[in-house]
Structure formats: structure tokens, C-alpha cells
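A short write-up of the structure that comes next.
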Amino acid sequence: MALRVMVAGLAVALVLLSVLGTLYAVERSDRRRLATEAQRLQAEIEQLHRELDVIEAGG
Amino acid sequence: MRTFHDYEFEALIGEGAMGRVWRARQLAFDGRLVALKRVPYGDPQLAERLRREGRILAQLDHPHIIRVYELIPDGQGIAIAMQYAPGGSLADLLLREGRLAPSSTVKVLAPIAQALGSAHRRGIVHRDVKPSNILFTSDGEPLLSDFGIARVSGDTPLTAPGIAALGTAEYLDPEVVNGGEPNARSDVYALGAVCYETLSGRRPFEAPTPMAVLRLADRGRAPSLTGLAPDVGRPLAQAVAQAMARRPERRFADAGELAAALQDTLHQTRRSGPSEPARAAAVPHADVQRGEADQPSAPTMPPAPTAPPAASSPQTRAFGPRPLAPDSSPRPRRRWGTTHWLATALAVLLLLNAAFGTLLVLEREERLRVTAEVDRLRVERDEVREQRFEASPP
């Protein structure tokens, strides 16, 4: 009886672990993608500011 | 007819490396039957062992311990005249019947436990309790016999080191195998194993070699008694399990306590009504006149699937430790070990789940923060881009 409960508990724990693991992997990859996007946007903004400075200096 | 001192030999009933056993008649007492043991000439150690057995038996005055009548000097050797038990041994009975019903088992083994308890109270450890050393009188009364390797506390051991000198593997206390000193609890273990075999028809640990048996006993746990013999009640199964506990301190302190526990199970069975079918009684009632070869009443129980190996009583074989017969049975499952490992694996998995759950929450919070930051940067970029377009020349 105890053995069966243990085996069932193990099965449930394994399924839960795989679900949590998958969700964690998705979240992590999403965050990394967004962080890269933020860096790209930051660089683009800096570039736009430099262009703006050049235009204003020329005017 | 050959005679020896006051005895007239009738038949050789056992012969082996450790000597011969004769059924003889004691002429001075109207030809009463005795078992006469003689060791071979020129073996002082065997002679000393027999002398010691005689001395031990003389100390023990119990109705369920075989009686010694006389120690007889025999040239350089020695002979011993003992109570003759014509009813055969428990091993013979198990060979015929397979197993005994719980009530019959208690009726046979509770008196043996009392006898063993009486020896324990005198500081005597039997060290070789097994079915072939439990004999029956003509009335079916059980007798504990063969104190050939028994030890009295404080005495110098006679036996040489080795498994055969320790006892019989199937009934040997794992503590003794691991170097522990044989004591009353070792006998309790052995009698517990005999109970198990008598109730189930199979030995607690069965393997092809004595060493494998000892390894199983040391590491494993015997298959469930109630699983093998469903008619065994829980109190009786618990008493057997306690007697056979792997750790000596969990066993009964001596055989007297085991006897009381066995008797209690009988009373509990009586109180709860007759749960056992009429097939129960199988204790022999051999007739002295028919001799030891006669069989008791017809079998009343079907043999168990695993028949015990051939065995004979110490009065029909050579005395001393019996060589072990190999037995091929599957290794019993180590349920506790499996449960232990499963529980450990479950605990590790639960910890991993908790860790991943925490990481997931933290990661999600971080992603939300970065998402907000990206949204803010997009707005900022759009604003700067607009300013740049407005500032650029047409």
C-alpha cells in the first residue's frame, strides 16, 4: 500500500517537475529575447540622439 | 543381540561423522527404550562435546527438554544414554505435512520456547534450534534436543570457528554471523525462524548456498508470513516477526517471553472463536511399539508449494550441526529497502519541484520588468525618431 502511494507520488512529482521545467525554460528564453530587444532599442535611441545633435548643430 | 554395559542394542538409528546413535534397551529398568549416542574412538574433542552435552542436559530438568539418563565411559571415548523420542522430529513432520496450522504450531513450539527459556535462565544458550532438533514423544509432546554445541555462560567454547560450528544457516542470528556473541536472543531468532517455517512451510530465507542464505538474512527481510499463510493471525505473525527482528534488542529478551507471546496468541484465537478449519491438528502421536519409522495419523493439510529439504531427528542421524541442503528459491523482495529509496527519490523530486517553482516565479517577475522596460524604450525611440524627422531639413 505504502509502496503504491510512493510510486503514485513519484509519478505526480515527475509530471509536475517536467511542467515546471518547461515553463521555466519558456520564461527564461522570453526574458533573454526581451533583454536583447531592450539593448537594440537603447542603441537605436542613442543613434537617433546623435543624428539629432548633428542636425541641430548644422542648423 | 549385542550389549554394551547395561544396554542391549536394538537398531542403529543414526550414523555420521560425529558418531552413531542406537536405539537400545536398558536391561536394569525392564528394557526401557533409550537413545544411546557413542562418539568414535580417539576423538577427544567429540568426547568432550558429548560429555558437555550430558552435563548440560543433566542441569536442565524440564518436561520439554530431552532427559539424559547416564554418561558411560567407553574406553577412550564416551557414550550417553538419553530419553528415546519415537515420534520423529518436527523436520520429519514438516516434510510429510508441508506446514502446520497456527494452533498446532503454537501447541508444539510454545512448550519448546518454555524449555528454551528454562535453559536461558540457567545461562545456557542452545545455539542450534531447528526443526530437526525438536522431537516428539509417543504422546506427541515436543522435546528440545541436541545441546551438542550449546554454550554455558563463562564456559570455554569447544567449537572451531566456521559456519558449521555456529549453527545452521537458515536459523542463524545475523548478529552471530557478523561476529556477535551467541546469546538468548540468538536462540529466540532461531525459534522465530522455526515458527515461520512451521507456519508457512518454507524457510524465511532460502538460497542455493549457506553463505547466500546468511547474506539474505543479513540484508533482507523474510517474505510476509501472512502472505504465505493467510490463516496466520496478526498477533502470531507479529510475535514471529518480533522474534526474528534483525536487531537483537527488538527481539524478545529470552525464549520465555516468546513462549508467553505464543500462548497469548492461542488465547486470542480462542476468544475470537474457532477461525481455523478442522485441518489444523497435525502433531504426531506415534506408538512406541511401532518404532520411529511409523507414520503418524494421515496428513490433514496439503503440502506447501515449497517442500522443506529432507531432514531427520538427531536420534536418527549423527548428532551435531547438520550440513545444509541447498535450496533454490527466488530471493525475497526487500520491501523496506525499495520503500526507502522511493521515499528518498520522492523527497528529492519534491525539492526540485520547489526549486523550479521558485525560479519560475522569479523569472516571471524579471520578464515582466524587462517587458515594461522594452515598452518604455519603444515609446522613447518613437519620440526621438519624431524629433529627428521634425529637425531634419526638408
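The values are calculated or read from the model by the stated rules, or taken from the named source; none is laboratory data. Since we're looking at a predicted model, the values are computed, not measured. Cβ placement follows ideal geometry from the backbone for every residue including glycine, while neighbour counts extend to all protein chains displayed.
Just name the residue that is surrounded by the fewest Cβ atoms within 10 Å (Cβ to Cβ) out of those in the stretch B:343-394 that are hydroxyl-bearing (Ser, Thr, Tyr) and more than 7 Å from every other protein chain (Cβ to nearest Cβ).
B:THR344
Select, from B:ARG23, B:ARG32, B:ARG55, B:ARG49, the only residue that is out of contact with any Pro (no Cβ under 9 Å at 6 or more places or on another chain), at pLDDT 85 or above and not assigned by TED's automatic domain parsing to the domain that holds B:PHE136.
Just a single option satisfies the conditions, and that option is B:ARG32.
Among residues belonging to the stretch B:316-342 that are modelled with pLDDT under 50 and aliphatic (A, V, I, L, M), point out the one that is surrounded by the most Cβ atoms within 10 Å (Cβ to Cβ).
The residue in question is B:ALA318.
Please verify whether B:GLU10 is in a strand (DSSP E or B) and not hydrophobic (A, V, I, L, M, F, W, C), treating the condition exactly as stated.
The answer is yes for B:GLU10.
Taking the stretch A:8-34, which residues are aliphatic (A, V, I, L, M) and more than 7 Å from chain B (Cβ to nearest Cβ)?
Selection gives A:ALA8, A:ALA11, A:VAL12, A:VAL15, A:VAL19, A:ALA25, A:VAL26.
Checking B:GLY31 against (1) more than 22 Å from B:PHE136 (Cα to Cα); (2) surrounded by fewer than 16 Cβ atoms within 10 Å (Cβ to Cβ), which single condition isn't satisfied?
Among (1) more than 22 Å from B:PHE136 (Cα to Cα); (2) surrounded by fewer than 16 Cβ atoms within 10 Å (Cβ to Cβ), the lone unmet condition for B:GLY31 is (1).
Considering B:LEU135, B:LEU93, which residue is outside any helix (DSSP H, G or I) and either touching a Ser or Thr at 6+ places or on another chain (Cβ under 9 Å) or assigned by TED's automatic domain parsing to the domain that holds B:PRO44 (or both)?
B:LEU135
I'd like to know if the stretch B:65-72 contains one or more residues that are modelled with pLDDT of 90 or more and in contact with a helix residue (DSSP H, G or I) (Cβ under 6 Å, 6 or more places away or on another chain).
Yes; the residues of the stretch B:65-72 include at least one that is modelled with pLDDT of 90 or more and in contact with a helix residue (DSSP H, G or I) (Cβ under 6 Å, 6 or more places away or on another chain).
Picking from B:ASP61, B:ASP128, which residue would you name as being assigned to a loop (DSSP other than H, G, I, E, B), at pLDDT below 90 and surrounded by 24 or more Cβ atoms within 10 Å (Cβ to Cβ)?
Exactly one residue qualifies, and that residue is B:ASP128.
Could you tell me whether B:PRO142 is in contact with an Asp or Glu (Cβ under 8 Å, 6 or more places away or on another chain), in contact (Cβ under 8 Å) with a residue 40 or more places away in the chain and within 29 Å of B:ALA11 (Cα to Cα)?
Against the criterion (in contact with an Asp or Glu (Cβ under 8 Å, 6 or more places away or on another chain), in contact (Cβ under 8 Å) with a residue 40 or more places away in the chain and within 29 Å of B:ALA11 (Cα to Cα)), B:PRO142 does not qualify.
Conditions tested, residue by residue: (1) modelled with pLDDT under 85; (2) surrounded by 22 or more Cβ atoms within 10 Å (Cβ to Cβ).
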| site | (1), (2) |
| --- | --- |
| B:ARG185 | no, yes |
| B:ARG221 | yes, no |
| B:ALA239 | no, yes |
| B:ALA245 | no, no |
